[in-house]
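One structure is given here, and the rest of the page talks about it.
The values are calculated or read from the model by the stated rules, or taken from the named source; none is laboratory data. In this text the structure is predicted, and so the values were computed from the model without any measurement. Cβ placement follows ideal geometry from the backbone for every residue including glycine, while neighbour counts extend to all protein chains displayed.
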Amino acid sequence: MHTYHNALGVAAALRPAQPVTLVRPHAAQRAARFFVEKFPGLSMYAVKANPSPELLKTLWDAGITHYDVASIAEVRLVRETLPQATLCFMHPVKSPEAIAEAYRVHGVRTFSLDTACELEKIVAATEGATDLTLCVRLRVSSAHSKLSLASKFGASVDEAPALLLAARQVADALGVCFHVGSQAMSPQAYAEAMSMVRAAIVQAGVTVDVVDVGGGFPSVYPGMEPTAMAAYFEVIHRAYESLPISYSAELWCEPGRALCAEYASVLARVEKRKGDVLYINDGAYGSLFDAAHIDWRYPVRLIRDDESTTKPMDFSFYGPTCDDLDYMAGPFALPADIAEGDYVEIGMLGAYGSAMRTQFNGFGQGETVIVTDEPMATTFGVIAAQPAKVTRLTK
Ligand SMILES: *Cc1c(COP(=O)(O)O)cnc(C)c1O
């Protein structure tokens, strides 16, 4: 992969006609080091946020040894890329074939579940294995998060005790896990979820070996500037310390977004301007799925040799495909004189950005290069006592 200093360097050298993914390994490395050093337990990377093998290797080199995988394809990919990694299959609804292959071929020993049927399925597919770590997924509120994960999975507090007891009978180690929803804007989300963990454990009266607080750790986007990460870790640590669990129990987390949001941005080109609408060459079927479908906002900047002296104004984007759905409302603030042929860097697309790219309508084949400058924002620049302010690296 080629290395450039920044987006302007890429635009000048390549004049790319396709969107180019700009990756910043140093930013992913910084995020990984932060979790490895500061989270009061084990951090495993939720692979679905960005499964790129280069990123997986970067995280591994920075000390991330455990990977949360959700499909057999993710299991195979991580096993192939990182032969030594520990894989945890944390999707509560799996096919028997996926469980069997994960267990027998790829050495997966940790599985999550949220029903008695899934427990039976795991036992059957592993032929009664006695070396399993089974994590019961609790349903918790997504009220503090920008993206809900509350409806699809999880046993209710009423259902959990029986499931914990049943899992305890067959598990070598028993865990409780949950997910507060993605981009949790307050550490309170974890405190509330932990009180449900407490209720379930007390009710079941079982010994729990693992408490896994899932993902949801936020990154920074326009209009979404969360509390410092250290405050999240502190709330989790405090709640964990007060749980009725054994001294030898382990605390885990599964960050996806927080480990990779800063890893990538996209260099797109303006193909047409109509008033305050820019037709760009990346969109809803490319790396801007969330911008189109859930109105997620990303930071943007004009990439042009001479900086524009005009004031910024608000734009919305159309992507390259032929349908109206390929629309990103924004608003995206860019200099008022932006024109056809200009390049735009769209930042903070490392999580759920390139991972969502499709080939629909013949678009989506741009290349990937490394850049060495800073991401457009970071939650990890200030490793200080909270409440630290988010560092903004651009004006
Ligand atoms: C998606 C997912 C994650 C990662 O969530 P983020 O919000 O990206 O941190 C972690 N665990 C599970 C089970 C998930 O489904």
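Restricting the range 47-66 to residues that are away from the ligand (no atom under 16 Å from the Cβ) and buried (at least 18 other Cβ atoms within 10 Å of the Cβ) leaves a set whose member that is nearest to Ala31 (Cα to Cα) is Ala62.
The C-beta contact set for the range 105-116 (first residue over 14 Å from Cys88 (Cα atoms), second residue assigned to a strand (DSSP E or B), distance under 9 angstrom, 6+ apart or interchain) comprises Asp114/Val136; Asp114/Arg137; Asp114/Leu138; Asp114/Ala155; Thr115/Ala155. Which of the strands (runs of 3 or more DSSP E) found entirely inside the range 315-393 contain at least 3 residues meeting this: of a type in the set (A, V, I, L, M, F, W, C), modelled with pLDDT of 95 or more and under 29 Å from Gly215 (Cβ atoms)? The qualifying strands (runs of 3 or more DSSP E) are 327-335, 368-371.
If only one of Gly216, Gly256 is surrounded by 22 or more Cβ atoms within 10 Å (Cβ to Cβ), at positive phi, under 20 Å from the mean Cα position of the chain (by Cα) and among the small types (Gly, Ala, Ser), which one is it?
Result of the check over Gly216, Gly256: Gly216.
Considering the range 15-28 alone, what residues qualify as being surrounded by fewer than 20 Cβ atoms within 10 Å (Cβ to Cβ) and either touching a residue at least 12 places away in the same chain (Cβ under 8 Å) or in contact with a strand residue (DSSP E or B) (Cβ under 6 Å, 6 or more places away or on another chain) (or both)? Within the range 15-28, Pro16, Ala17, Gln18, His26 qualify. Considering Val69, Val23, the condition of being within 18 Å of Met356 (Cα to Cα), at pLDDT 95 or above and within 16 Å of the ligand (Cβ to nearest atom) is satisfied by Val69 alone.
When residues in the range 150-208 are screened for being part of a loop (DSSP other than H, G, I, E, B), among the aliphatic types (A, V, I, L, M), surrounded by fewer than 22 Cβ atoms within 10 Å (Cβ to Cβ) and modelled with pLDDT of 95 or more, 2 of them pass. The number of residues in the range 230-271 being among the aromatic types (Phe, Trp, Tyr) and either within 15 Å of the ligand (Cβ to nearest atom) or more than 30 Å from Arg168 (Cα to Cα) (or both) comes to 4.
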